[in-house]
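The values are calculated or read from the model by the stated rules, or taken from the named source; none is laboratory data. This one's a predicted model, so the numbers in the text were calculated from it and none came from an experiment. Cβ coordinates were reconstructed from backbone atoms using ideal geometry, including for glycine residues, and neighbour counts include every protein chain displayed. Ligands, DNA and RNA are stripped out before the accessible areas are found, and what is left, the full protein with its side chains, is counted by its heavy atoms. Shrake-Rupley method; radii C 1.70, N 1.55, O 1.52, S 1.80 Å.
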Amino acid sequence: MEAATDTTNAPEPGSTSTPHEGCATEDYRQAAGTILLAATPIGDVRDASPRVVAALEGADIVAAEDTRRALALASRLGIKLGGRLIALHDHNEAEKAAGIVEAARGGARVVFVSDAGMPTVSDPGFRLARAAIDAGVPLSVLPGPSAPLVALALSGLPSDRFAFEGFLPRKDGEATRYLQDLATDPHTLIFFESPRRAAATLTRMAEVFGADRAAALCRELTKDYEEVRRGTLGKLAAGADDVLGEVTIVVAGYARSGRAEDHVGAVLALAAEGMRLKDAAAEVAAATGARKNDLYKAALAAR
């Protein structure tokens, strides 16, 4: 999801030291015939673990979502990628996964990295992982940075139950319907979003979830300009026009309430999609426990 372009703490030009100087590479040597999904920094290069560094240096094949970003990461780490570098992204993963798995079956050490963060989390890697599992090829993960978990921890919202929803559909109607399906989900919800759509998405969330729902807008996580804005969806939407950088939005889960005013936004959102207002009030009442007549009257007044 995130492009780790921050050069924080990169080695000085001409320097032979790295953030992991002194680590014994052999201590982290990858077993032959295995595939590793490696988490990479989402901003600060120091978040690359010694195991990831050793795997990138010792791999026979480094598969990368973007080969240029993989080379840039290696440069920032002060290392050289081992073996062959190949591209594995959304457009070719289904085609190339089988060949990579066969290479691992033949004894190759394979490491896959997405642009930043954990592979398979709104990033390529799932098809490769599935192909390895189906073929009985050993698959493991080198854990590390993950924007959804960082944002969740920073949000101050409940973390005992949460759901990662990734990016919303691009079409307005589909995005609204997607959110409507989540309107009564009790889990804390985590979304990715582009900065140019952040204000519109927060506005839509305020309309569907309710403007008073607690949320947090997190941007540029772990980078020099990291920022977390906490407040209600309505408040965050009103101030999101200036958002820059990679964005993660965390929204509090639904708290069951019988108050009609807490659910007017959901009724109006359904009505905006073409549903009769009475039918919309009935549907929301069934999901929330609010009184249908109270919801209908409140929605009429709010129109």
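Which of the residues spanning segment 216-228 are open to solvent by 50 Å² or more (accessible area, probe 1.4 Å) and either under 30 Å from Leu277 (Cα atoms) or out of contact with any Asp or Glu (no Cβ under 7 Å at 6 or more places or on another chain) (or both)? Of everything in segment 216-228, just one residue is open to solvent by 50 Å² or more (accessible area, probe 1.4 Å) and either under 30 Å from Leu277 (Cα atoms) or out of contact with any Asp or Glu (no Cβ under 7 Å at 6 or more places or on another chain) (or both), namely Tyr225. If the condition is being open to solvent by 20 Å² or more (accessible area, probe 1.4 Å), over 21 Å from Gly245 (Cβ atoms) and touching a Gly at 6+ places or on another chain (Cβ under 8 Å), then segment 42-81 contributes Ser49, Glu57, Gly58, Asp60. What are the residue pairs meeting all of these: first residue in segment 33-57, first residue under 24 Å from Ile100 (Cβ atoms), second residue modelled with pLDDT under 95 and in a helix (DSSP H, G or I), Cβ atoms under 6 Å, and 6 or more apart or on different chains? Going by the 6 Å Cβ cut-off, the qualifying pairs are Arg51/Tyr28; Ala54/Thr25; Ala54/Tyr28. Scan segment 166-193 residue by residue and report those that are open to solvent by 60 Å² or more (accessible area, probe 1.4 Å) and either more than 20 Å from Leu268 (Cα to Cα) or touching a residue at least 60 places away in the same chain (Cβ under 8 Å) (or both). If the condition is that a residue be open to solvent by 60 Å² or more (accessible area, probe 1.4 Å) and either more than 20 Å from Leu268 (Cα to Cα) or touching a residue at least 60 places away in the same chain (Cβ under 8 Å) (or both), then Phe167, Arg170, Arg177, Pro186 are the ones that fit.
Among the residues of segment 128-165, those that are assigned to a helix (DSSP H, G or I), open to solvent by less than 70 Å² (accessible area, probe 1.4 Å) and within 19 Å of Arg230 (Cα to Cα) comprise Ala147, Pro148, Val150, Ala151, Leu152, Leu154, Ser155. Of the residues making up segment 239-271, those that are charged (D, E, K, R) and surrounded by fewer than 17 Cβ atoms within 10 Å (Cβ to Cβ) are Asp241, Asp242, Arg256, Arg259, Glu261.
Residues are listed down the side, and each one gets a yes or a no for (1) farther than 23 Å from Ala147 by Cβ; (2) modelled with pLDDT of 95 or more; (3) over 19 Å from the mean Cα position of the chain (by Cα); (4) not small (Gly, Ala, Ser):
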{"residue": "Gly173", "(1), (2), (3), (4)": "yes, no, yes, no"}
{"residue": "Ile190", "(1), (2), (3), (4)": "no, yes, no, yes"}
{"residue": "Ala199", "(1), (2), (3), (4)": "no, yes, no, no"}
{"residue": "Thr203", "(1), (2), (3), (4)": "no, yes, yes, yes"}
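Does at least one position in segment 229-244 carry a residue that is farther than 16 Å from Tyr296 by Cα, among the acidic types (Asp, Glu) and touching a Leu at 6+ places or on another chain (Cβ under 9 Å)? No, because not a single residue in segment 229-244 is farther than 16 Å from Tyr296 by Cα, among the acidic types (Asp, Glu) and touching a Leu at 6+ places or on another chain (Cβ under 9 Å).
Picking from residues in segment 82-96 that are open to solvent by less than 40 Å² (accessible area, probe 1.4 Å) and not small (Gly, Ala, Ser), the one that is farthest from Ala59 (Cα to Cα) is Asn92. Within segment 104-127, which residues are among the β-branched types (Val, Ile, Thr) and surrounded by fewer than 18 Cβ atoms within 10 Å (Cβ to Cβ)? Within segment 104-127, Thr120 is the sole residue that qualifies.
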